[in-house]
Amino acid sequence: MDVQTWTYVIVGITFALYIGIAIWSRAGSTKEFYVAGGGVPPLANGLATAADWMSAASFLGMAGLISFSGYDGSVYLMGWTGGYVLLALLLAPYLRKFGKFTVPDFIGDRYYSNVARTVAIICALLVSFTYVAGQMRGVGLVFSRFLEVPINTGVIIGMIIVLFYAVLGGMKGITYTQVAQYCVLIFAFMVPAIFISIQMTGNPIPQLGMGGDVVGENISLLDKLDGLSTDLGFDQYTNGSKPMIDIFFITAALMVGTAGLPHVIVRFFTVPRVKDARKSAGYALLFIAILYTTAPAIAVFARTNLIETVSNKAYEEMPDWFSKWETTGLIKFDDKNGDGIIQYVADNNTNELTVDADIMVLANPEIAKLPNWVIALVAAGGLAAALSTAAGLLLVISTSISHDLIKKQIKPNISEKGELIAARLSAVAAVCVAGYFGINPPDFVAATVALAFGLAAASFFPAIIMGIFYKKMNKEGAIAGMLVGIVAMLFYMLKFKFDMFGGGSKEDWWFGISPEGFGTVAMLLNFIVSILISRFTPDPPDEVQEIVETIRIPSGVEEAHLH
Amino acid sequence: MDKQSRARQYWKKNLQYVAILLIIWFLVSYGFGILLKDTLDKIPLGGFKLGFWFAQQGAIYVFVVLIFIYVRLMNKLDSKYGFDK
């Protein structure tokens with residue numbers, strides 16, 4: 001069978017599976033819709049969290065990104081896993097004990113203030129919308145490349161699927177489809193990695209193959225790649241080019257941002273007990289680590305393969321995949337010296353080949369000449385990753401509107417049934433907005449993902465941490481801190497990414513810290529401002545201090561409150 | 001022991017565990033993977049340079065282990081202070 005038939009078959013089977021699960025796990029109450037009834041076993045929650053977290057960017061984009069940035073790519077590997085340690089040790093158990101539905105719930109109650117709640121809602125919406133646009137775009141890309149439908153049709157098909165199970169099943173439906181999606185995506189990620197690892201190093205475990213010797217040669221793969229890179233004028237693969245301070249700050253911003261992302265945090269409200277919250281954070285990171293330790297291996301394999309296939313080879317002799325990706329515009333060859341041979345070098349004046357980092361994972365099986373069903377599997381995996389993350393984000397958006405905004409502020413006496421209808425309608429509206437951004441992507445998507453992490457780091461993380469670990473933190477401090485954090489983050493991002501407030505280039509970055517790493521600085525500002533302000537304003541009321549005492553102890557946990 | 005002083009002791013012990021585990025967390029990622037990377041890179045680990053290995057592999061393995069250690073320690077602590085019901 002050809003690739004396209006295989007793709008239809010495999011994608012069709014996985015979609016049927018997701019829909020079947022959605023019908024089986026319909027939500028009947030707001031509690032089921034928001035937190036899956038609070039009865040998800042820790043193992044299932046770990047699997048669901050892993051799928052929730054690993055987006056189209058992790059599955060399709062990350063290995064390619066690392067492949068072109070070498071050591072610098074470590075910021076994503078450490079940054080997007082290390083946050084789970086913070087979650088497990090500092091956030092998840094206490095938020096579970098607190099036992100409400102959302103992050104704005106915690107902020108609003110702990111800081112006894114609807115202003116704080118509203119600031120949190122705005123952050124949650126900003127972060128989630130930024131993120132979800134990228135996911136819908138990922139769905140469209142996979143469809144257009146593998147099923148040869150226009151990108152927009154792909155986005156709409158994706159919207160319908162997500163709509164179906166997110167609106168029908170709420171958190172309950174999403175949780176169990178995410179479990180299935182994790183299995184699909186990890187299988188799809190590992191199969192080609194194992195094949196290629198055997199081909200290149202003779203070792204079936206990619207994590208070990210990455211550090212092994214090249215088959216038939218007496219040199220380790222990484223040494224060989226370092227050599228190939230420097231020969232072509234690139235930085236040594238294992239060294240990279242970013243300054244150390246920037247690597248440090250970006251890693252920290254991504255870690256803290258991860259721990260502050262509302263769609264990740266909310267997953268820990270769905271388990272029955274405090275100890276389950278800790279354990280499921282461990283499972284989640286274990287399942288994430290399988291992909292995150294394989295990605296750098298794929299990056300090394302793909303980079304080496306690419307250089308060996310194209311560098312100084314005749315354009316006429318390029319394999320099929322080369323011309324296929326050329327038609328999408330993601331590979332470009334410009335024969336500057338007219339010799340018909342591809343010069344792939346670091347120097348922009350003589351380099352003749354540009355390869356979009358996003359295609360590395362998708363093209364990798366073809367570059368390595370793997371069978372057609374493997375290529376189709378990768379397409380299904382990419383879709384699983386994008387859909388699972390999109391669904392988690394859409395749920396945060398709809399909960400923010402129906403629960404945090406309508407139930408908690410605008411219309412507190414809304415009936416259970418009315419709130420459930422409101423939740424479903426907001427989910428429909430959110431899917432439509434996400435679809436719109438998927439079809440008409442704002443050209444700043446890449447910049448805004450960094451912004452999403454920066455904002456989560458600068459706003460939620462300090463407010464939640466101090467809410468748990470610093471009993472005397474009051475509403476004045478927390479609100480001022482969040483506002484300062486958000487404003488600082490927005491200012492730096494707008495100045496250096498969008499040329500506002502006088503703009504500036506790389507040389508003007510404060511202390512050499514990029515906008516991606518500035519979330520760490522904004523977070524520190526939040527902490528400092530909050531603590532200073534809280535010293536000069538009244539202590540929080542006694543009953544709030546008592547809440548803090550109780551969330552520190554795991555026993556006596558109630559099931560997630562019914563409102 | 002009354003509930004309040006049990007709660008205080010429990011919290012103190014918890015903070016100790018968290019502090020120790022976070023020091024290790026910092027050491028393997030920011031320490032070995034970033035600040036000390038160039039020094040550690042002089043040591044080979046199979047086909048890897050050690051600093052590079054920590055940044056792209058080792059730190060992640062340690063993260064997973066740290067969480068499961070915390071889970072174990074806290075389960076024990078919960079039952080010691082009777083907070084596991």
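If you go through region B:38-85 and keep only what is farther than 23 Å from B:Tyr10 by Cα, touching an Asp or Glu at 6+ places or on another chain (Cβ under 8 Å) and free of Cβ contacts under 8 Å to residues at least 12 places away in the same chain, you end up with B:Gly47, B:Lys49. Of the residues A:Met200, A:Met159, the single one that is over 19 Å from A:Ala368 (Cβ atoms), in contact (Cβ under 8 Å) with a residue 12 or more places away in the chain and either touching a His at 6+ places or on another chain (Cβ under 8 Å) or in a helix (DSSP H, G or I) (or both) is A:Met159.
Conditions tested, residue by residue: (1) out of contact with any Ser or Thr (no Cβ under 8 Å at 6 or more places or on another chain); (2) in contact (Cβ under 8 Å) with a residue 60 or more places away in the chain; (3) of a type in the set (Gly, Ala, Ser).
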| residue | (1), (2), (3) |
| --- | --- |
| A:Leu89 | yes, no, no |
| A:Pro93 | yes, yes, no |
| A:Phe106 | yes, yes, no |
| A:Arg110 | yes, yes, no |
| A:Ser113 | yes, yes, yes |
| A:Ala120 | no, yes, yes |
| A:Leu125 | no, yes, no |
| A:Thr130 | no, yes, no |
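With the requirement that a residue be closer than 17 Å to A:Ile66 by Cβ and in a loop (DSSP other than H, G, I, E, B), what does region A:236-247 give you? A:Gln236, A:Tyr237, A:Thr238, A:Asn239, A:Gly240, A:Ser241, A:Lys242 - these are the residues of region A:236-247 that are closer than 17 Å to A:Ile66 by Cβ and in a loop (DSSP other than H, G, I, E, B). Meeting the requirement of 1 or more residues that are under 30 Å from A:Leu225 (Cα atoms), the helices (runs of 4 or more DSSP H) wholly within region A:39-100 are A:62-69, A:74-86.
The rows are residues; the columns are (1) within 23 Å of the chain's Cα centre (by Cα); (2) surrounded by fewer than 22 Cβ atoms within 10 Å (Cβ to Cβ); (3) not β-branched (Val, Ile, Thr).
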| position | (1), (2), (3) |
| --- | --- |
| A:Ala480 | no, yes, yes |
| A:Glu507 | no, yes, yes |
| A:Gly517 | yes, no, yes |
| A:Val529 | no, yes, no |
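Here region A:531-552 is the region considered, the condition is being among the hydrophobic types (A, V, I, L, M, F, W, C) and under 31 Å from the mean Cα position of the chain (by Cα), and the residue that is surrounded by the most Cβ atoms within 10 Å (Cβ to Cβ) is A:Ile551.
All conditions but one from (1) within 30 Å of A:Pro42 (Cα to Cα); (2) outside any helix (DSSP H, G or I) apply to B:Lys76; the one that does not is (2). Taking the numbered list (1) farther than 23 Å from A:Ala63 by Cβ; (2) part of a helix (DSSP H, G or I); (3) of a type in the set (A, V, I, L, M) in turn, A:Ile250 passes all entries but (1). Considering only residues in region A:198-214 that are touching a helix residue (DSSP H, G or I) at 6+ places or on another chain (Cβ under 6 Å) and hydrophobic (A, V, I, L, M, F, W, C), the one that is nearest to the other protein chains (Cβ to nearest Cβ) turns out to be A:Met210.
Residues in region B:44-85 that are at the interface with chain A (Cβ under 7 Å from one of its Cβ atoms) and among the small types (Gly, Ala, Ser): B:Gly46, B:Gly47, B:Ala55, B:Ala59. Residue by residue through region B:1-22, note down the ones that are of a type outside the set (A, V, I, L, M, F, W, C), within 10 Å of chain A (Cβ to nearest Cβ) and surrounded by fewer than 18 Cβ atoms within 10 Å (Cβ to Cβ). Matches in region B:1-22: B:Lys3, B:Gln4, B:Arg6, B:Arg8, B:Tyr17.
If the condition is being over 20 Å from A:Asp542 (Cβ atoms) and either in contact with a Ser or Thr (Cβ under 9 Å, 6 or more places away or on another chain) or free of Cβ contacts under 8 Å to residues at least 40 places away in the same chain (or both), then region A:459-478 contributes A:Pro462, A:Ala463.
Per the listing A:Gly134, A:Gly108, the residue uniquely away from chain B (no Cβ under 14 Å), farther than 15 Å from A:Val264 by Cβ and over 20 Å from the mean Cα position of the chain (by Cα) is A:Gly108.
For A:Gly82, the criteria (1) out of contact with any His (no Cβ under 7 Å at 6 or more places or on another chain); (2) more than 14 Å from chain B (Cβ to nearest Cβ) hold in every case but one, which is (2).
Looking at A:Thr153, A:Thr130, just one residue is surrounded by fewer than 24 Cβ atoms within 10 Å (Cβ to Cβ), modelled with pLDDT of 80 or more and part of a helix (DSSP H, G or I), and that residue is A:Thr153.
Quick grid of which residues meet (1) under 24 Å from A:Ala188 (Cα atoms); (2) crowded, with 20+ Cβ neighbours inside 10 Å; (3) more than 21 Å from the chain's Cα centre (by Cα):
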position: A:Met1; (1), (2), (3): yes, no, yes
position: A:Trp24; (1), (2), (3): no, no, yes
position: A:Gly28; (1), (2), (3): no, no, yes
position: A:Glu32; (1), (2), (3): no, yes, yes
position: A:Gly38; (1), (2), (3): no, yes, yes
position: A:Leu43; (1), (2), (3): yes, no, no
position: A:Ala48; (1), (2), (3): yes, yes, no
position: A:Ser55; (1), (2), (3): yes, yes, no
position: A:Ile66; (1), (2), (3): yes, yes, no
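The set of residues in region A:466-517 being in a loop (DSSP other than H, G, I, E, B) and either hydroxyl-bearing (Ser, Thr, Tyr) or touching a Leu at 6+ places or on another chain (Cβ under 8 Å) (or both) consists of A:Tyr470, A:Met500, A:Phe501, A:Ser505, A:Ser514. The single residue among A:Leu377, A:Leu362, A:Leu393, A:Leu370 that is within 15 Å of the chain's Cα centre (by Cα) and in contact (Cβ under 8 Å) with a residue 40 or more places away in the chain turns out to be A:Leu393.
When region B:23-43 is limited to residues that are assigned to a helix (DSSP H, G or I) and more than 10 Å from chain A (Cβ to nearest Cβ), the one that is surrounded by the most Cβ atoms within 10 Å (Cβ to Cβ) turns out to be B:Phe32. Scanning region A:284-293 for residues being crowded, with 24+ Cβ neighbours inside 10 Å and farther than 15 Å from A:Ser55 by Cα gives a total of 0. Listed here are the helices (runs of 4 or more DSSP H) enclosed by region A:253-335 that have at least 2 residues being more than 26 Å from the chain's Cα centre (by Cα) and at pLDDT below 90: A:274-310, A:320-327. When region A:428-473 is filtered for residues that are modelled with pLDDT of 80 or more, farther than 30 Å from A:Val85 by Cα and surrounded by 24 or more Cβ atoms within 10 Å (Cβ to Cβ), the ones remaining, listed by number, are A:Ala430, A:Val431, A:Ala434, A:Gly435. Checking each residue in region A:38-68 for being within 13 Å of chain B (Cβ to nearest Cβ), touching a Lys or Arg at 6+ places or on another chain (Cβ under 8 Å) and more than 25 Å from A:Thr177 (Cα to Cα) picks out only A:Ser67. Every condition in (1) within 12 Å of another protein chain (Cβ to nearest Cβ); (2) surrounded by fewer than 16 Cβ atoms within 10 Å (Cβ to Cβ) is met by A:Leu221 except one, and the failing one is (2).
Identify all residues within region A:207-263 that are within 30 Å of A:Asn349 (Cα to Cα), in contact (Cβ under 8 Å) with a residue 12 or more places away in the chain and polar (S, T, N, Q); write none if there are none. Of everything in region A:207-263, those that are within 30 Å of A:Asn349 (Cα to Cα), in contact (Cβ under 8 Å) with a residue 12 or more places away in the chain and polar (S, T, N, Q) turn out to be A:Ser229, A:Gln236, A:Thr238, A:Asn239, A:Ser241.
The values are calculated or read from the model by the stated rules, or taken from the named source; none is laboratory data. Owing to the predicted nature of the structure, the values given are computational and were not obtained by experimental measurement. Reconstructed Cβ throughout: ideal geometry from the backbone, glycine too, with neighbour counts over all protein chains shown.
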